[in-house]
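Only one structure is covered here, and it is reproduced in the block below.
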Amino acid sequence: MIDKLVSYLQYPFVQYALIVGVLVSLCSSLLGVTLVLKRFSFIGDGLSHVAFGAMAVSAVIGLSKNMLFILPVTIICAVFLLKGGNKRISGDAALAILSVGALGIGYLLMNMFSTSSNVSGDVCTTLFGSTSILTLKPYEVGLSIALSVIVVFIFIFFYNKIFALTFDENFATATGTKTEVYNLLIAILTAVIIVLAMNLVGSLLISALIIFPSLSAMRVCKNFLQVTIVSAILSVICSFFGIIVSIVIGTPVGSTIVLINIIVFVLFYIIGLVKGRLV
Amino acid sequence: MIQIECKNLSLEYEQKIVAEGLSFVVNKGDYLCILGENGSGKSTLMKTILGLKSYKHGQIIYDNTIKQGIGYLPQQAVIQKDFPASVKEIVLSGFLGKMGLRPYYATIEKQIAKENLQKLQIENLENRCFRELSGGQQQRVLLARALCATKEVLLLDEPVAGLDYQSTEKMYEIIENLNKEGVTIIMISHDLVSAIKYASHILHIGKKIFYGTREEFLKTDIYKETV
Ligand SMILES: Nc1ncnc2c1ncn2[C@@H]1O[C@H](COP(=O)(O)OP(=O)(O)O)[C@@H](O)[C@H]1O
Ligand SMILES: [Mg+2]
């Protein structure tokens, strides 16, 4: 078992998967805390469907470096959603329209125009990320590393602002923080992370990566800094072991990571209950 | 010295007018109580003064001293009950508006935050989790945060709502002390008796509009009818 693992670790594709997996889960957990607390976790879900639609379009028009197309499209939608856009259509309805629309049209396009012989396999891959993390090309790894580093840097630099914005946006605005700018920043970061995470778990399971680590951390932690750090650690560990397990026993990567996240959540839920009793 | 002046201000949401023709001034060191029935637009007025809500008719003039920030204590329950944050984290966040792009708090700011906690007699709660505090303690934490944002003007939206008798008295006492130190207070209240006990000026909005000193208010029909 260990021998098998060590031999796997020699392969570049395994190394790539681990690097990207760890970085992406780090980023998604950092932003996850804010998204969950601002009651925005559903946005991750909607945006990931948008990213799926964009991916379908880019596949149909035959773009090889499709991340460069998916990323801007998702960012634009994120900005549109968080800004509220059209006053006549309320926020959650707009989200539903965008999310279901992108999913439906994406699938339609893939079916109608795909040159691949295995359409349903392709669709399954984009939705559940079954193998895409294991077939990363070096430029994708490079791009992921660069974007993750930028996201982490921005998060650390604006950490206190993000806290204030999450805790009480009105107060922050009233006392002179440019909350609109920071909301925009959060929207853009969210979009970037979702596009990155598509490789890891596919567009249906991204919310799990965003939500579970922060929910687990919130069960036991008493302050924002602790929640942020613990959820980052949990997320990285879950993804790391998820990837290893899935390679060794041959399960789909995304689903395995999600399963491990769920187990950790249940564990922390129980710890939280026990701690609550003792206090 | 005039700090805030409202001239013929109207409050409205989309098409619906909430209040019209509000004119009043707030001088440095004033203790202004805003009274009025539920839904008369008190919170809306406060949000408009804070710049959280735009207005179409009328004018609000601010003095330069308060352009850098107004301290604000929101109407309770706006803040999420399950939020994982320590008292320290929350109080320090009062400084953020003044910090521009500087990412972390300076030593002097941490010092002032400590002093504000002492002033409100909650320095022992510094590392506690906000969501585990009582209502009265939570309000004092939020007041300490507002004090970090400014030493000039505090806007308090029903600061004693939901507090028990003792916490209410304590809160009024703390606010009175701050006012004596020179902090201008603008407070929304439901409690007429405490309003006329502490306030220097009264603004009544709703069906009957009144603005004047406490003494003038005591002679109005609004006061006589309610008592
Ligand atoms: N976001 C909003 N959109 C539309 N109407 C609102 C909104 N908030 C408050 N109102 C209405 O404005 C009026 C004044 O509300 P508010 O200022 O909260 O009253 P008060 O604080 O005096 O109880 C109420 O009739 C309320 O229904
Ligand atoms: Mg109100």
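Some values worked out for this structure:
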item	result
Separation of alpha-carbon centers, region A:193-259 and region B:188-218, rounded to whole Å	55 Å
Ratio of the Cα radius of gyration of chain A to 2.2 N^0.38 Å, where N counts its residues	1.01
Square roots of 5 times each gyration tensor eigenvalue, C-alpha, region B:82-149, largest first, Å	20, 13, 10
Hz values of 3J(HN,Hα) by residue in region B:51-57 - Karplus curve (6.51, -1.76, 1.60), Gly and Pro given as x	x, 7, 9, 8, 9, 9, 10
Rg(Cα)/(2.2 N^0.38 Å) for the protein assembly as shown, N = residue count	1.15
The protein assembly as shown: antiparallel DSSP beta bridges as a percent of all, rounded to 5	50 percent
Whole-Å semi-axes of the ellipsoid equivalent to region B:40-178 (Cα gyration tensor, √5λ, descending)	24, 20, 14
For residue B:156, residues with placed amide H under 5 Å, excluding near neighbours	B:73, B:186, B:187, B:188
Note, ³J(HN,Hα) from phi for region A:225-230, Karplus 6.51, -1.76, 1.60, rounded to Hz, x at Gly and Pro	4, 4, 4, 4, 5, 4
Inter-part distance where region B:108-166 and region A:136-161 are each reduced to a Cα centre, Å	37 Å
Efficiency of FRET between residue A:153 and residue A:2 - r from beta-carbon atoms, R0 35 angstrom, step 0.05	0.45
Excluding exposed DSSP-loop GluC sites (Glu not before Pro) (at most 13 other C-beta within 10 Å), longest clean stretch of chain B	B:38-180
Tensor-based shape of region A:5-84 (alpha-carbon gyration tensor, a/c under 1.5 rounded, otherwise prolate or oblate)	oblate
For region A:191-268, alpha-carbon Rg relative to the globular expectation (2.2 N^0.38 Å, N residues)	1.07
Packing-based ranking, highest mean first, of A:143-152, A:190-199 given that Cβ atoms within 10 Å are counted	A:190-199, A:143-152
Region A:2-278: relative contact order in percent, alpha carbon pairs under 8 Å with at least 6 residues between	33 percent
Cβ-defined net charge surrounding residue B:225, 15 Å radius [Lys, Arg +1; Asp, Glu -1]	+2
Unit charges at the beta carbon, dipole of the protein assembly as shown: most positive-side option, A:8, B:71, A:37	A:8
Positive minus negative residues near residue A:12 (Lys, Arg vs Asp, Glu; Cβ under 15 Å)	0
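Just so you know, all these numbers are worked out from the coordinates, no wet-lab data involved. Small disclaimer: the values here were computed from a predicted structure and weren't measured. We place every Cβ from the backbone using ideal geometry, glycine too, and count neighbours over all the protein chains shown.
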